[in-house]
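S.K.: One structure is given below, represented as structure tokens, and several questions about it will come after.
The values are calculated or read from the model by the stated rules, or taken from the named source; none is laboratory data. Small disclaimer: the values here were computed from a predicted structure and weren't measured. A quick note on method: Cβ atoms are made from the backbone with ideal geometry, for glycine too, and the neighbour counts reach across all protein chains shown.
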Amino acid sequence: MSAFTDELVKTCRGQVLLDGAIPAKLLSDFIGALKGHAEAYLKAADRDDVIAAVKLAAAHHVSVTVRSGGTNLVGATVPDGGLVLDVSGLNRVLDFDAANMCVTVEPGITQKDLIAYVESRGFIYPPDPAEKLGTIGGNVSTNAGGMRAVKYGVTRDFVLALELVRPDGEVITLGRRVRKNATGLNLKEIVIGSEGGFGVITKVTLKLVPKPESSLSALLCYRSLDDACRSVNAILGAHLDPTAVEFQERKVIAFAEKFCGKAFPEPSSKAYLIVTFDGTPQSVKERVARCKEVAASCGCFALIPLDDEKITADIWEVRGAVARAVNATGPWEPVDTVVPLDQIAAFMERVGRISEEEGVRALGFGHAGDGNVHLCVLRDAIPKAQWPKRLDRTLARIYDAAYELGGLISGEHGIGKAKRKYFLEHADPSERELMLGVKRSFDPENRFNPHDAYAL
Ligand SMILES: Cc1cc2nc3c(=O)[nH]c(=O)nc-3n(C[C@H](O)[C@H](O)[C@H](O)COP(=O)(O)OP(=O)(O)OC[C@H]3O[C@@H](n4cnc5c(N)ncnc54)[C@H](O)[C@@H]3O)c2cc1C
């Protein structure tokens, strides 16, 4: 034991595991392709434990990898030594404030538990990342998005305030229980999306929205991916105020169907959109009908309103299982590119060409309503020894294509360790220098998630 681990064991009340005793899954992310190592792992018992561990790490100049649900897809929780500080045990609701329509929670509360809590009180928390076992601390740290971002926005748009344990152990609160804030630089915004690089978030106050009266989705079927992509712009431009506009290639849905043992309708489709509307029962029905007309003019050959409980449940189950289904088939790499709305079709065409030329399958799905294109890049039968090089070349070309079309590497998953190389290749030098300056002012010793995008 080092002096650091010795003191950690004596000071903290949460579970401590040392080096060889830390299970591999606590040293990785959801995919598990990258494996890290750490001197110690602490599952913090409470906020005091977090503060004590951060102060100890500072005194011993030990690096800290913050971990919560561990569902990230970018190697963000893959440590290169030091302490893994797991905050998933800090999972209480601290305060529910109906008058100000907000809730204050600890960072380890899962999205699933938060949703159940606020919906039972007549509210929704609109950000809707597909992985419900991700936690609010993780969502805030990655600025997670989700299906409802088209109408409501992403995590950033719902964080009123947060508490941060800074790398030296000092605790600060950024933001307040207010809806507007023009009081000085808005540092809260900088911490949102900082991927654990600026300290540990120990408390978050989130804005809520009254639960919509009703919600209706529709499945739209297309004979080509191109038609589906072009339809997105038409639907968004038709004043229909959709909550979600999702797209899926038929090929990716086939994986999830097999995984779940459930089927999507119209299997001859090459691509699908799922469009959701919130509002009064009358209004959502009218907007679905109007959506049918708009989509038909772009090649939609069938629109199925999801008003049958069983079909709807099956469709959402299959859609929600895509990442897990692909994960179960073997090695793959998730891609989270975002492009301007009018470039989705062009981007998918470029991806198709790259995929063919490189002999690497890349299947698409994602949040079409905000240009966020997810790809599953599959190893299939490519020999293990060839995979890293083939994957790297394919990814480099896909990211080049995204940038050439005005897009970026990540819409919602963040950069982490896995995408750092591509991020650095494309980062504007002045912008990067400013980012490093911000990182230095929060974490001058570069100890928090030093493997991540913002590391010095
Ligand atoms: C099947 C599947 C579907 C997904 N769908 C979506 C989706 O629709 N949208 C989306 O945005 N993401 C999605 N994700 C990715 C993932 O769920 C999100 O990135 C989520 O925000 C991670 O939360 P987590 O609690 O698991 O965080 P972790 O994976 O534990 O950590 C993620 C990052 O946040 C940091 N962090 C975590 N907690 C704290 C804290 N308290 N203080 C400071 N830093 C912290 C970590 O250091 C790390 O950098 C999906 C993942 C899977 C597996």
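S.K.: Filter the stretch 229-253 for residues that are free of Cβ contacts under 8 Å to residues at least 40 places away in the same chain and under 17 Å from Ser297 (Cα atoms); which is surrounded by the most Cβ atoms within 10 Å (Cβ to Cβ)?
M.R.: Here the answer is Gly237.
S.K.: Another question about this same structure. Go through Val118, Val171, Val159 for me and flag whichever is over 19 Å from the mean Cα position of the chain (by Cα) and surrounded by 20 or more Cβ atoms within 10 Å (Cβ to Cβ).
M.R.: When all the criteria are applied, what remains is Val118.
S.K.: Would you confirm, using the coordinates I've provided, whether Pro388 is exposed (fewer than 14 other Cβ atoms within 10 Å of the Cβ), in a loop (DSSP other than H, G, I, E, B), without any contact (Cβ under 8 Å) to a residue 60 or more places away in the chain and away from the ligand (no atom under 16 Å from the Cβ)?
M.R.: When the stated conditions are applied, Pro388 does not pass them.
S.K.: Can you tell which of Ala263, Ala256 is at pLDDT below 95, surrounded by fewer than 17 Cβ atoms within 10 Å (Cβ to Cβ) and either among the hydrophobic types (A, V, I, L, M, F, W, C) or within 16 Å of the ligand (Cβ to nearest atom) (or both)? Let's see the steps before the verdict.
M.R.: Working: Ala256 fails: surrounded by fewer than 17 Cβ atoms within 10 Å (Cβ to Cβ).
Checking each option against the conditions leaves just Ala263.
S.K.: In the stretch 115-145, which residues are without any contact (Cβ under 8 Å) to a residue 60 or more places away in the chain and more than 11 Å from the ligand (Cβ to nearest atom)?
M.R.: Ile115, Ala116, Tyr117, Ser120, Arg121
S.K.: Is the stretch 198-215 home to any residue that is on the phi > 0 side of the Ramachandran plot, surrounded by fewer than 22 Cβ atoms within 10 Å (Cβ to Cβ) and at pLDDT below 95?
M.R.: There is no residue in the stretch 198-215 that is on the phi > 0 side of the Ramachandran plot, surrounded by fewer than 22 Cβ atoms within 10 Å (Cβ to Cβ) and at pLDDT below 95.
S.K.: Restricting attention to the stretch 63-81, does a residue exist that is touching a Leu at 6+ places or on another chain (Cβ under 9 Å) and in a helix (DSSP H, G or I)?
M.R.: No, the stretch 63-81 contains no residue that is touching a Leu at 6+ places or on another chain (Cβ under 9 Å) and in a helix (DSSP H, G or I).
S.K.: What single numbered condition from (1) among the small types (Gly, Ala, Ser); (2) crowded, with 18+ Cβ neighbours inside 10 Å; (3) assigned to a helix (DSSP H, G or I) fails to hold for Ser269?
M.R.: Ser269 satisfies every listed condition except (3).
S.K.: When only residues in the stretch 30-46 that are of a type in the set (D, E, K, R) and in contact with a strand residue (DSSP E or B) (Cβ under 8 Å, 6 or more places away or on another chain) count, which is nearest to the ligand (Cβ to nearest atom)?
M.R.: Taking the candidates together, the pick is Lys43.
S.K.: Kindly indicate whether any position in the stretch 219-228 is touching a residue at least 12 places away in the same chain (Cβ under 8 Å), within 17 Å of Tyr454 (Cβ to Cβ) and buried (at least 20 other Cβ atoms within 10 Å of the Cβ).
M.R.: For the stretch 219-228, residues touching a residue at least 12 places away in the same chain (Cβ under 8 Å), within 17 Å of Tyr454 (Cβ to Cβ) and buried (at least 20 other Cβ atoms within 10 Å of the Cβ): absent.
S.K.: Among the residues of the stretch 30-86 satisfying the criterion of being touching a His at 6+ places or on another chain (Cβ under 9 Å) and surrounded by fewer than 19 Cβ atoms within 10 Å (Cβ to Cβ), which is nearest to Trp332 (Cα to Cα)?
M.R.: For the stretch 30-86, the residue satisfying everything is Asp80.
S.K.: Do we have Asp342 as at pLDDT below 95, under 24 Å from the mean Cα position of the chain (by Cα) and outside the structural domain of Leu225 (by TED's automatic domain parsing) here? I'd like the intermediate steps shown before the answer.
M.R.: Details: at pLDDT below 95: yes; under 24 Å from the mean Cα position of the chain (by Cα): yes; outside the structural domain of Leu225 (by TED's automatic domain parsing): yes.
So Asp342 fits the description; yes.
S.K.: Among the residues of the stretch 367-385, which ones are within 16 Å of the ligand (Cβ to nearest atom) and either assigned to a loop (DSSP other than H, G, I, E, B) or surrounded by fewer than 18 Cβ atoms within 10 Å (Cβ to Cβ) (or both)?
M.R.: Gly371, the sole residue that qualifies.
S.K.: Which of the numbered conditions does Glu317 fail, given that it passes all the others? Conditions: (1) under 17 Å from Pro267 (Cβ atoms); (2) surrounded by fewer than 18 Cβ atoms within 10 Å (Cβ to Cβ); (3) over 20 Å from the mean Cα position of the chain (by Cα).
M.R.: Every condition holds for Glu317 apart from (3).
S.K.: Another one. Looking at the stretch 146-161, I want the residues that are closer than 16 Å to Ile136 by Cα and in contact (Cβ under 8 Å) with a residue 24 or more places away in the chain and have a partner that is of a type in the set (Val, Ile, Thr) and within 13 Å of the ligand (Cβ to nearest atom) with Cβ atoms under 6 Å, at least 6 apart or on another chain. Which pairs are those?
M.R.: Taking only residues 6 or more apart or on different chains, the pairs are Thr155/Val140; Arg156/Ile192; Val159/Val140; Val159/Ile192.
S.K.: Can you name every residue in the stretch 47-72 that is within 14 Å of the ligand (Cβ to nearest atom) and on the phi > 0 side of the Ramachandran plot?
M.R.: Across the stretch 47-72, the qualifying residue is only Gly70.
S.K.: Please determine whether any residue of the stretch 439-452 is closer than 19 Å to Gly366 by Cα and either without any contact (Cβ under 8 Å) to a residue 12 or more places away in the chain or more than 16 Å from the ligand (Cβ to nearest atom) (or both).
M.R.: The answer is no, given that none of the residues of the stretch 439-452 is closer than 19 Å to Gly366 by Cα and either without any contact (Cβ under 8 Å) to a residue 12 or more places away in the chain or more than 16 Å from the ligand (Cβ to nearest atom) (or both).
S.K.: Given the criterion of a type in the set (Ser, Thr, Tyr), surrounded by fewer than 19 Cβ atoms within 10 Å (Cβ to Cβ) and either modelled with pLDDT of 95 or more or in the same structural domain as Phe30 (by TED's automatic domain parsing) (or both), identify the matching residue among Ser441, Ser355.
M.R.: The match here is Ser441.
S.K.: Something else now. Is it true that some residue in the stretch 330-338 is in a helix (DSSP H, G or I) and either modelled with pLDDT of 95 or more or within 24 Å of the chain's Cα centre (by Cα) (or both)? Lay out the reasoning, then the answer.
M.R.: Kept after step one, since they are in a helix (DSSP H, G or I), are these residues of the stretch 330-338: none.
No, the stretch 330-338 contains no residue that is in a helix (DSSP H, G or I) and either modelled with pLDDT of 95 or more or within 24 Å of the chain's Cα centre (by Cα) (or both).
S.K.: Same structure again: State which residue is nearest to the ligand (Cβ to nearest atom) when the search covers only the stretch 82-95 and only residues that are touching a Ser or Thr at 6+ places or on another chain (Cβ under 8 Å) and in a loop (DSSP other than H, G, I, E, B).
M.R.: Only one residue tops the list, namely Val87.
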